[in-house]
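The values are calculated or read from the model by the stated rules, or taken from the named source; none is laboratory data. As the structure is a computational prediction, the values presented were derived from the model and not from experiment. Every residue, glycine as well, gets a Cβ built from its backbone with ideal geometry; the counts of neighbours run over all protein chains shown. Keep in mind that these areas ignore ligands, DNA and RNA; they rest on the heavy atoms of the full protein, side chains included. Shrake-Rupley method; radii C 1.70, N 1.55, O 1.52, S 1.80 Å.
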Amino acid sequence: NFNAYNVSIINGNIVGNVWGNNSLTFNAIPGYLIDSIEFYQTHSGSGWIYDLYFTNYCPGSVIASASYDTVCASDTLDLYASATLVSNAATYSWTGPQGFSSSLQNPVLLNFSSQNAGNYHIIVTDTGGCTYNSSASISMFNNVVITPVNNGPLCSGDTLRLSVNTINGATYQWSGPNNFYSVTQNPSLQPFLQADTGDYFVTVTANTCSYTSLPTHVSTNFLSLSASSNSPLCSGDTLYLTAGNINGASYQWTGPNGFSSTLRNSFIPSAVITDTGNYQVKATINNCIDSVITHVMLYDPGIPFAVSNDPICAGDSLKFSSSSTSAGVSYSWTGPNSFSSSLQNPAIANAQAINVGPYTVTVSLNGCSSSASTTVVINPVSGPLGISISVNPSDTICAGDNITLTATSTNSGTAATYQWKRNGVNISGATSAAFITAFVGSGDTINCEVTRNASCQAIDTAISNTIQMHVISLPPPAVTVGVYPAHYAPGDTVTFSGHVSNGNTGLSYQWMKNGLKIAGAHFSTYTSSNLSMGDTICQ
């Protein structure tokens, strides 16, 4: 029930004249508080007039600060506005050197330089017209001048020397090509290699600030020499050695077998296996030397030989043999009638006239080859041998009897050879026309293979007719022993005699005493005076 009137601002205070007869409610302008209330009676005497005085009230504050008071060149600087009793609706306004401005509460300055040093001012404006401000002063360390140098250009194997001006209290850290690293102010590197060519940097740390220099470039007089050859090649080929062209350079080749040449592109005619190895070429120019190695490989299949078992007769097996003076070679045979073989020692069974002629063997090793040849002679067979066998006694014999087998040929010549066989198996040592043996079993089959060599030109081989032996086995002999005298005492001389029935002849004897052989007792009778009671004598 109050009414306000004559509201005005006097000396910055809002004065409101209200009247009424109950309580007073007044909503102050945000940011203002009631400063004082004055009341007095109106001139009409009809009541009291209240005068309310309002004042501007701003309780907040702000403090400006930074991440560093003194900044290193190129560092990042963070500015902070730390506000207290300020609403979220407050606004921020930063200003600083070089026209810097920002509406962020906490702005960031990148790549700080000496032009950025100075005072940074913050103004915070809050609701109700309240404003707060603060300043921070930022300085920068004195900039450091870094001047790295080197002693290039360099040759291969030289010593690289790096240096930089001295800065009091500073530490140094170098980096460069080929993983170069050093914490020495003036480092060196030896031997200098081509991979060490390039830019080197030094980082100097002083007053907690680190400064990286511009690069110092190390150049080189490397010649970038290259070398090659026509390797691999075969023994006897010409070896060609080639070096890359470097204008104005001189060259020097060295290699196996005392090889030496001053030609850029050199060669060895008719190179041999001992020329295999490393060849080095050096190029020299401007007091710099570069060298490179190329490896040369020569292969030698060796000198082969080729032989055969000719001359042979048609139908015989033609056999070849070869070898080489080098190991590890492969073999390849060619010849008449489209003959080919990869065996070292091949053969042709049942060779005929179409197999006559030259045969060549080629030995190969890693693409290199050499050859040898042999010419084969095959003679025709001149008629059958007509071989027959005679047996003496007949092919029916008693077990253990000796028999003589004789092979006869109507056309065997004077240089014939013989080989007797039992049941198709060669009998060892039985290589004569006549063959005597007692070791024949019932049912054994006997034949003879006869080879005729007529005038050392033609060889003819044939197998005789086959004889089947019939062996009659006699019953074993019956042995009886006689004693003279019939009665005797220990120490007497006693003669024992053996009697064999069945009419066997050619027998051998062995007397035994108590189951043991008696030395020398190999006759039909045995006499002894060294007998004891209980001895047993048998034959």
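Observations on the structure shown:
- Rolling a 1.4 Å probe over the protein chains gives residue 137 an accessible area of about 80 Å².
- Rough spin-label spacing in nm, given labels placed 7 Å along Cα→Cβ, for residue 95 and residue 137: 1.9 nm
- Solvent-accessible area of residue 436 with every protein chain in place, 1.4 Å probe, in Å² to the nearest 10: 110 Å²
- Phi-derived couplings, Karplus 6.51 cos²θ - 1.76 cosθ + 1.60 at θ = phi - 60°, listed residue by residue for the range 68-85: 9, 7, 10, 10, 7, 4, 6, 6, 9, 10, 9, 9, 10, 10, 8, 9, 10, 6 Hz, with x used for Gly and Pro.
- Split the accessible area of the range 195-236 by element, probe 1.4 Å, and carbon with sulfur accounts for 51%.
- Accessible-area composition of the range 104-190, carbon plus sulfur, in percent [1.4 Å probe]: 45 percent
- Separation in nanometres of the label points that stand 7 Å from Cα toward Cβ, at residue 115 and residue 426: 11.1 nm
- Taking a point 7 Å from the Cα of residue 278 along the Cα-to-Cβ direction, the residues of the range 173-197 with backbone N closer than 20 Å to it are 191-195.
- Subtracting the Cα-Cα distance of residue 103 and residue 417 from their residue separation scaled by 0.36 nm leaves 100.5 nm.
- 28 Å Cα-Cα reach of residue 421 towards lysines, excluding residues that sit fewer than 8 places from it in its own chain: 319
- If R0 is 45 Å, the Cβ-Cβ spacing of residue 168 and residue 61 corresponds to a FRET efficiency of close to 0.55.
- Accessible heavy-atom area order of 523, 435, highest first, probe of 1.4 Å: 523, 435
- Note that the range 186-231 presents 49 Å² accessible area per residue, ligands and nucleic acids not counted, probe 1.4 Å.
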